[in-house]
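To keep things clear, I will list the structure first and then write my remarks on it.
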Amino acid sequence: MRTSWADLPETIRAGLEDHLGEVVDAADVGEGQNSDACAVLTTADGEAFVKAVHGFKIQTRWLRNELAAATLTGGFAPRVLAHTEADGWLAVAFERVPGRAADLASGSPDLAVVADVAMMIGMLPATGLRPLTARWETTGWWARLAEASPEAVDGWDVPMLEELAGRLPGLVDGDRLVHTDLHGQQVRIDDATNQVRVVDWGMPGAGPAWVDPAFLVLRLVEAGHTPAAAEDWARRSIPAYNDATDQALDAFAAYLAGMWSCWAVAPHPAPGAAHRARLARGYAAGRLALVGTTRGA
């Protein structure tokens, strides 16, 4: 259950106000699943967007990652205005980013904006961030899925998928900044100023610049593009995507489909997990149709 701004410990509220100034209004935010408290604060100097988490858990690490990423993104991420820790809570105040989500539908003018953003992020160094080679070193997702939910692997060649997915850690070595969850809702466009920001940097990493475009391909499929059209767009619009070999993209598709499917059948799956699993499996089914024929296993 969400904690309201008013119910946060006084130490947390006072710690933020020491940097932001007196809060004259606080509007609790209901959407989002990765914070225990979320609010838009109004002070004499403007607005701030606050996220807070309690205890030591994965969401705490994600919020610390957002703190670290803010210094690496070259202005793409919201600026950190203040942060404080007390009474088991971590709270971070970001500048409030105005604007709307990017539209990834076919023919949208936002596609060019998203391509430029992905290209520029891929040029930035990921100094100090955990490499994807380590973050994705856990394999065996398909075997676990087969054990936990045998019906979920009906019609899938589990040994082949295990072998393909197991290659991914060795194919994502790199030192470029990677968001790893890039999609339309994360790209915010302010039509009044033409300013573009990327939000929710909870899972950044160091890897090759083709990884974020590969995530975007899945999201284009989600927005109605065919897998072939989505990949064609990425190859034409984001040069770094062409650095990914067919083998690397096959491994990426197999790995992501297995991992997201495992998350979807967990005892307490996160909201949206089933949708993400269907998206990844649908893309993998199309992507891997040629494996074992023209590409070789």
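The values are calculated or read from the model by the stated rules, or taken from the named source; none is laboratory data. Since we're looking at a predicted model, the values are computed, not measured. Glycine also receives a Cβ, built like all others from the backbone with ideal geometry; neighbour counts cover every protein chain displayed. Accessible surface is based on the protein model in full, side chains and every heavy atom, while ligands, DNA and RNA are left aside. Shrake-Rupley method; radii C 1.70, N 1.55, O 1.52, S 1.80 Å.
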Only one of GLY55, GLY88, GLY107 that is of a type outside the set (D, E, K, R) and without any contact (Cβ under 8 Å) to a residue 24 or more places away in the chain: GLY107
What helices (runs of 4 or more DSSP H) completely inside region 197-297 contain at least 1 residues that are of a type in the set (Phe, Trp, Tyr), in contact with a helix residue (DSSP H, G or I) (Cβ under 6 Å, 6 or more places away or on another chain) and free of Cβ contacts under 8 Å to residues at least 40 places away in the same chain? 246-264
Go through the residues of region 25-36 one by one and say whether even a single one is under 22 Å from the mean Cα position of the chain (by Cα) and of a type in the set (Val, Ile, Thr). yes
Taking the conditions exactly as written (charged (D, E, K, R), open to solvent by less than 40 Å² (accessible area, probe 1.4 Å) and either out of contact with any strand residue (DSSP E or B) (no Cβ under 8 Å at 6 or more places or on another chain) or modelled with pLDDT under 95 (or both)), does ASP246 satisfy them or not? no
